[in-house]
Amino acid sequence: MDDLEQKFLQLSWKLHPDIFVNLTEREKEISLERSSKLNDAYRVLRDPVANVEYLLELEGMRKEGEHKQQAPPELLEEVFELNESLDELREARSAGANLDVLTGKLRDAETNFGEKLHEVDAELKTAAQQWDAALDADASDSDREAILQRLNELLNRRSYIRNLVAGVEKELTGAAS
Amino acid sequence: MGRIVGIDLGTTNSLVACVDAQAGQPKCVTGPYGSTLCPSIVSLDPDGSVIVGEAARRRLLTQPERTIYSVKRLMGRGPADVQNELALFPFRIDPQSKNVIRVMLGDKVFTPPEISAFILRELRSWAQAELKEPVDRAVITVPAYFNDAQRQATKDAGRIAGLEVLRLVNEPTAAALAYGLHEKQRGHVAVYDLGGGTFDISILKLISTSEGDIYQVLSTNGDTHLGGDDIDNFLQAFVHHRVLQNGSFDFSASAESTQELRKSLIALKHDLSEKDSALLRFPLPNGELFTHEFSRAEFEKIIQPIVARTMSPVKQALADAHLAPAAIEEVVLVGGTTRTPLIRRTVQDFFGRNPHIDLNPDEVVALGAAVQANILERGVSNMLLLDVTPLSLGIETYGGAVSKIIPRNSTIPASAQEQYTTGVDNQTGIDIHVLQGERELAKDCRSLARFTLKVPPAPAGLPRIEVAFLIDANGILQVAAKDLRTGEQHSIEVQPSYGINDTEIERMLEESIEYAEQDFAERQLIEARTESEAILAATAKAFNNSQSADLPADERANIDAAIAALKASATGTDYKQIRKRIDDVNHATEHLAELLMNSAVSTALEGRKLAEV
């Protein structure tokens, strides 16, 4: 059990509404409010991506609903190819043609982008560690700003790739049925 | 204050359990018919009294228009949601129903929570008779995959029954609690719960800490309209089709034969859990006899789609818990439907280990509810349940899309805050639509509530209102708003899309007192008389059968004497005497019952009472 989980469980024993069920309405309200905050915090802290999103929100770098959906330049070629394959698949499906070759191609693309997603996750982890180190070292505002920028870019890239993968999955399940 | 009990309010059967103060072990309460199961069936007598459970089950055939079963399927749902079910369930929905379904029993109209409240009252009376203490609070279990409206409807049922509902506990979680207590097991546990009408899968982690044991739910999934009822429906459709093919009879024209057939098919289904084949012999109303030998293989082929439908929630729950099937150390089967061998095999193959079946699958949920009731009653405890919300909570945004604010499988209580402002000068209201579900568009999710946030007139963009959405430990939504400029709290009246409001609940509570709390002896008398009517009718029917001519004269005389004695005592008020005479008639007609079942089925039905044939 890691430190985070241990701390979460310890606080759950202190705050959970079950423990306050026979007490006053006021105490029940407080328990409900505090235990929901505890659970919200644990949900964010144990998920590395949610963690970074929350940090950027705190630092005013990222507002809700604001996600850049432009393709990262280095992926442009592959994205273009992918979209072409998706179009071909839709056409072939409406024409009732054999889809095996196309779905195979898309599966490869799915794997390829899945790997890229893992790469971004690893980069996010490194950047998050850099942020922690910068805080510990009391780094300058401009250094911190640079790390936050980097984190923001990585999150946008991640959300873009994730949408791509989800789109491919959706088409492939459509092809299978 | 009175005692707290644990109640499993099931689709087919309901149970009540409590923890014995001395032994410290949970135990289900046995009802007046000698069983811990109370059939979830309610019948409204023409004299206005309400009959619940076994006595009501007997009325399914004699008074189908005054009797209702499987009402749990209607909880928290709107009329449009249940159109598909109406073809297979003999619910009579009031055509005037708007958001909340209203069901007709005879000439009276009830909401599903009111009908469930009758069942809760019955169970409370069982518990009070056993404990010899008043019971005024309860922990009630719900399917883990129940949405907000279905949970709210269950809580409303408790209030209408005059019970304070201290907690709604998810059924698989309750089962894990009873099971964990029994086995002292730690680690990852999967609970596969297939009941009469609902399917749940929950993945839990059982953890020992220095303060005590924690039962942490990691993920849950399911289908609130999948269960043993569907097996019955598939079998029924199979027979309807066969019979119609022969051109002999159309079941859709006869509610009574549909009920009779359903009863035979349920018995057949139970037989097929034990045996390799079972014979259906069903006398059609047109005098023909329909027979069909079901092999286990044929049965499994018919129900295979139902079993298959349970597996995608299982896979999703594991994926959400970030676990592979092999990481599950224990598998627990809950719900009567898991007695089906095909289901046991399927679950066993998937997880690669033998599921636990040592606790009675019908009772385990009620036992767990009693454990949780006991924890809450004592206030301090060495056991803690951490459950999750089964569905994501979202709000509608531009273009009918949904923005998820609390993801599914978040530990509850959970909350999210959203800030709102105005788009035009002096705008006085902001419309908010709250939804539950995983789909991207609002129209594909379940609408929980719509409300208008009141805003004081101001230039556009100036107001700052923070709305807090909170899912409490029962999985029920609460909403509060705060004006961030003034710090003022706004109370929000959230009118649930598919719920009953507080005023209506108060009215129902008052009305229910009309029906409620008859003297125990009086209720016993009504039940005994109902049973006596049923057995007399069954005996009269039996004597009309040509097979009864084979009965020796002295036996016939014995039966006539027993019947006369029963008729005489049924006019009196001594329910114990009526019960004894019913037993006498049952005993005297044993041979007659055997004669009626011809040789082919006699082995299957040996030892059954006449009323069950």
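The values are calculated or read from the model by the stated rules, or taken from the named source; none is laboratory data. Keep in mind that this is a model prediction, so the values were computed, not measured. All Cβ positions, glycine included, derive from the backbone under ideal geometry; neighbour counts span all protein chains shown.
If we scan region B:442-455, do we find a residue that is within 12 Å of another protein chain (Cβ to nearest Cβ), hydrophobic (A, V, I, L, M, F, W, C) and within 32 Å of the chain's Cα centre (by Cα)? Before you say what the answer is, go through the steps one by one.
Just the residues of region B:442-455 that are within 12 Å of another protein chain (Cβ to nearest Cβ), to begin with: none.
No, there is no match, as no residue in region B:442-455 is within 12 Å of another protein chain (Cβ to nearest Cβ), hydrophobic (A, V, I, L, M, F, W, C) and within 32 Å of the chain's Cα centre (by Cα).
From the list B:384, B:376, B:367, B:391, which one is more than 30 Å from residue B:460 (Cβ to Cβ), in contact with a Leu (Cβ under 7 Å, 6 or more places away or on another chain) and among the aliphatic types (A, V, I, L, M)?
Of the residues listed, the single one that is more than 30 Å from residue B:460 (Cβ to Cβ), in contact with a Leu (Cβ under 7 Å, 6 or more places away or on another chain) and among the aliphatic types (A, V, I, L, M) is B:376.
Determine which single condition residue B:332 fails, assuming it passes every other condition in (1) in a strand (DSSP E or B); (2) without any contact (Cβ under 8 Å) to a residue 40 or more places away in the chain; (3) not small (Gly, Ala, Ser).
Looking at each condition in turn, residue B:332 falls short on (2).
Just give me the residues in region B:99-132 being outside any loop (DSSP other than H, G, I, E, B) and of a type in the set (Gly, Ala, Ser), in sequence order.
Going residue by residue through region B:99-132, those that are outside any loop (DSSP other than H, G, I, E, B) are B:103-105, B:108-110, B:112-131.
Result: B:116, B:117, B:125, B:127, B:129.
Given A:11, A:32, which one is without any contact (Cβ under 8 Å) to a residue 24 or more places away in the chain and closer than 24 Å to residue B:408 by Cβ?
Of A:11, A:32, the one residue that is without any contact (Cβ under 8 Å) to a residue 24 or more places away in the chain and closer than 24 Å to residue B:408 by Cβ is A:32.
Among the strands (runs of 3 or more DSSP E) confined wholly to region B:343-430, which include 2 or more residues that are within 11 Å of chain A (Cβ to nearest Cβ) and not polar (S, T, N, Q)? Give the steps one after another, and end with the answer.
Details: elements: B:383-386, B:393-396, B:402-406, B:414-420.
The qualifying strands (runs of 3 or more DSSP E) are B:383-386, B:402-406, B:414-420.
Could you give every pair whose Cβ atoms fall below 7 Å, whose first residue belongs to region B:261-273 and is hydroxyl-bearing (Ser, Thr, Tyr), and whose second residue is surrounded by fewer than 17 Cβ atoms within 10 Å (Cβ to Cβ) and at pLDDT 90 or above, counting only separations of at least 6 or pairs across chains?
B:273/B:341
Go through (1) within 11 Å of chain A (Cβ to nearest Cβ); (2) on the phi > 0 side of the Ramachandran plot; (3) in contact (Cβ under 8 Å) with a residue 40 or more places away in the chain one by one and return the number of the condition residue B:461 breaks.
All conditions pass for residue B:461, except number (1).
Given the conditions (1) farther than 30 Å from residue B:361 by Cα; (2) touching a strand residue (DSSP E or B) at 6+ places or on another chain (Cβ under 6 Å); (3) buried (at least 21 other Cβ atoms within 10 Å of the Cβ), report the number of the one that residue B:102 does not fulfil.
Of (1) farther than 30 Å from residue B:361 by Cα; (2) touching a strand residue (DSSP E or B) at 6+ places or on another chain (Cβ under 6 Å); (3) buried (at least 21 other Cβ atoms within 10 Å of the Cβ), only one is false for residue B:102: (3).
Being part of a helix (DSSP H, G or I) and either of a type in the set (Phe, Trp, Tyr) or more than 7 Å from chain B (Cβ to nearest Cβ) (or both) is the filter here, so list the residues in region A:1-18 that pass it.
A:3, A:4, A:5, A:6, A:7, A:8, A:10, A:11, A:13, A:14, A:15, listed by residue number.
Can you name the strands (runs of 3 or more DSSP E) wholly within region B:173-255 that have at least 1 residues being within 14 Å of another protein chain (Cβ to nearest Cβ), buried (at least 23 other Cβ atoms within 10 Å of the Cβ) and among the β-branched types (Val, Ile, Thr)?
Output list reads B:212-223.
Can you name the residue in region B:431-440 that is within 10 Å of residue B:394 (Cα to Cα) and away from chain A (no Cβ under 14 Å) and is also surrounded by the most Cβ atoms within 10 Å (Cβ to Cβ) among such residues?
Checking each candidate, the answer is B:435.
State which residue is farthest from residue A:43 (Cα to Cα) when the search covers only region B:310-329 and only residues that are in contact with a strand residue (DSSP E or B) (Cβ under 7 Å, 6 or more places away or on another chain) and assigned to a helix (DSSP H, G or I).
B:310
Restrict the check to region B:269-277 and report whether at least one residue is farther than 29 Å from residue B:191 by Cα and either touching a Ser or Thr at 6+ places or on another chain (Cβ under 8 Å) or surrounded by 14 or more Cβ atoms within 10 Å (Cβ to Cβ) (or both).
Of all residues in region B:269-277, those farther than 29 Å from residue B:191 by Cα come to B:277.
From the residues that got through so far, the ones that are either touching a Ser or Thr at 6+ places or on another chain (Cβ under 8 Å) or surrounded by 14 or more Cβ atoms within 10 Å (Cβ to Cβ) (or both) too are B:277.
Within region B:269-277, one or more residues are farther than 29 Å from residue B:191 by Cα and either touching a Ser or Thr at 6+ places or on another chain (Cβ under 8 Å) or surrounded by 14 or more Cβ atoms within 10 Å (Cβ to Cβ) (or both).
Of the residues A:33, A:27, which is among the acidic types (Asp, Glu), within 23 Å of residue B:409 (Cα to Cα), surrounded by 14 or more Cβ atoms within 10 Å (Cβ to Cβ) and within 12 Å of chain B (Cβ to nearest Cβ)? So that I can check it myself, show each step before the final result.
Numbers: A:27 fails: within 23 Å of residue B:409 (Cα to Cα).
Criteria check complete, one pass: A:33.
Could you check region B:93-137 and list, in sequence order, the residues that are aromatic (Phe, Trp, Tyr) and either within 15 Å of residue B:505 (Cα to Cα) or without any contact (Cβ under 8 Å) to a residue 24 or more places away in the chain (or both)?
The answer is B:110, B:118.
Test residue A:21 against the criterion of being away from every other protein chain (no Cβ under 11 Å) and modelled with pLDDT under 95, and give yes or no.
no
Read through the list (1) closer than 27 Å to residue B:50 by Cβ; (2) out of contact with any strand residue (DSSP E or B) (no Cβ under 6 Å at 6 or more places or on another chain); (3) surrounded by fewer than 24 Cβ atoms within 10 Å (Cβ to Cβ), then give the number of the only condition that residue B:164 fails.
Result: residue B:164 fails condition (2) only.
Select from region B:77-98 the residues that are in contact with a strand residue (DSSP E or B) (Cβ under 9 Å, 6 or more places away or on another chain) and assigned to a loop (DSSP other than H, G, I, E, B) and list them in ascending order.
B:89, B:90, B:91, B:92, B:94, B:96, B:97
For residues that are at pLDDT below 85 and not charged (D, E, K, R), tally how many sit in region B:242-278.
Residues in region B:242-278 being at pLDDT below 85 and not charged (D, E, K, R): 15 in total.
If you take the residues of region B:143-172 that are part of a loop (DSSP other than H, G, I, E, B) and more than 14 Å from the chain's Cα centre (by Cα), which of them is nearest to residue B:110 (Cα to Cα)?
B:161
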